[in-house]
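Below is one structure, written out as structure tokens; comments come after it.
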Amino acid sequence: MGALRTKMIEEMRLRNFSPRTEQSYVAAMVGLAKYYRQSPDQLTQEQIRSYLLHLKERGLSPSSRNVAISGMKFFYHQILGWDEHKLFLPPRKGSWRLPEVLSLKEVERLLCANGKLRDRCLLMTAYATGVRVSELVRLKVSDIDSERMMVRVEQGKGKKDRYTILSERLLEELRSCWKVHRSPTWLFPNVKGGPLSIDYAQRIYNWAKQKAEIHKGKGIHTLRHCFATHLLEAGVDLVTIKTLLGHNSLQSTQRYLQIRQPKLGSTASPLDLLDLRDPSL
């Protein structure tokens, strides 16, 4: 799908899609083309819908199938100009899983488990600022505003800039880290001086989690969930947390209301209201 692929990528760049979205949408169309060994523009609606059923039967997660559906909608509706009468794809299925969150003690263990200064600072920054991993690895030295005690997130999700908080303790750690690598540009440089990859940041998290013997919190994104939940538990209002996280909708932030510990932990179970003492005693 050479020419069509090029046209698709150009159109996504004109619309300021993120590089990850570009890669995901192209991969969805390449997968479809490989499955039928045909160019996607030659396929019928029945073939496309059968392929989506194949993805479900393969055990692909709802979120992965959602990406495939979005990629196909963009290709067929925006690139080929098909209307919904020619191709109707099912709406994206929402996912309502609650995020896994570490306790304060578990976060302490995680941050203390990694002895390498740069790696510890990376994890500490993820937790202290609540940035996404894609934003974390692209942070620059110039993004640290020690006068206002803020961290600038440049061109985050949705190509939007925002600010999040900078703690005194994190600032001290980052200064110590910079004195070692002295990168003029990147806050967390790799050995060649460029930014760390997302995969490597994930590996740093996994190494620390294994060493700390923590068995929950699948990815480094867990630290973003911890940031939001622990702020909420500390009494920070939901609108402020929404702003710090860079959420478009308050609905995205409200899910943390369901997992904050003081509210859930102080709620009595109905079992505790029963008098189950043996009357013979």
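The values are calculated or read from the model by the stated rules, or taken from the named source; none is laboratory data. This one's a predicted model, so the numbers in the text were calculated from it and none came from an experiment. Glycine also receives a Cβ, built like all others from the backbone with ideal geometry; neighbour counts cover every protein chain displayed.
Looking at the range 101-115, which of its residues are more than 13 Å from Tyr205 (Cβ to Cβ) and assigned to a loop (DSSP other than H, G, I, E, B)?
Result: Val101, Ser103, Gly115.
Yes or no: Pro99 outside the structural domain of Gly194 (by TED's automatic domain parsing) and within 25 Å of Tyr163 (Cα to Cα)?
The answer is yes for Pro99.
Within the range 156-165, is even one residue surrounded by 17 or more Cβ atoms within 10 Å (Cβ to Cβ), closer than 18 Å to Ser18 by Cα and not small (Gly, Ala, Ser)?
Within the range 156-165, one or more residues are surrounded by 17 or more Cβ atoms within 10 Å (Cβ to Cβ), closer than 18 Å to Ser18 by Cα and not small (Gly, Ala, Ser).
Residues are listed down the side, and each one gets a yes or a no for (1) buried (at least 18 other Cβ atoms within 10 Å of the Cβ); (2) not assigned by TED's automatic domain parsing to the domain that holds Arg15:
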{"site": "Lys34", "(1), (2)": "no, no"}
{"site": "His54", "(1), (2)": "no, no"}
{"site": "Arg58", "(1), (2)": "no, no"}
{"site": "Lys116", "(1), (2)": "no, yes"}
{"site": "Cys121", "(1), (2)": "yes, yes"}
{"site": "Tyr127", "(1), (2)": "yes, yes"}
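Is there any pair with a first residue in the range 162-180 that is without any contact (Cβ under 8 Å) to a residue 60 or more places away in the chain and a second that is buried (at least 19 other Cβ atoms within 10 Å of the Cβ) and charged (D, E, K, R) whose Cβ atoms are under 6 Å apart and which are 6 or more apart or on different chains, and what are they?
So the pair list comes out empty.
So which of Ser70, Ser103 is out of contact with any Lys or Arg (no Cβ under 7 Å at 6 or more places or on another chain) and not aromatic (Phe, Trp, Tyr)?
Just one listed residue meets the conditions, Ser103.
Quick one: which of Pro99, Pro62, Pro91 is at pLDDT below 90, closer than 22 Å to Leu244 by Cα and out of contact with any Leu (no Cβ under 9 Å at 6 or more places or on another chain)?
Pro99
Kindly indicate the residue of the range 13-62 that is among the hydroxyl-bearing types (Ser, Thr, Tyr) and part of a helix (DSSP H, G or I) and also farthest from the chain's Cα centre (by Cα) among those meeting that condition.
So, considering only residues that are among the hydroxyl-bearing types (Ser, Thr, Tyr) and part of a helix (DSSP H, G or I), the one farthest from the chain's Cα centre (by Cα) is Tyr36.
The conditions are (1) farther than 22 Å from Arg255 by Cα; (2) at pLDDT 90 or above, and Thr129 fails exactly one of them. Which is it?
(1)
I'm checking my understanding of the structure. Among residues of the range 166-190 that are farther than 23 Å from Gly219 by Cα and of a type in the set (A, V, I, L, M), which one is surrounded by the fewest Cβ atoms within 10 Å (Cβ to Cβ)?
Val180
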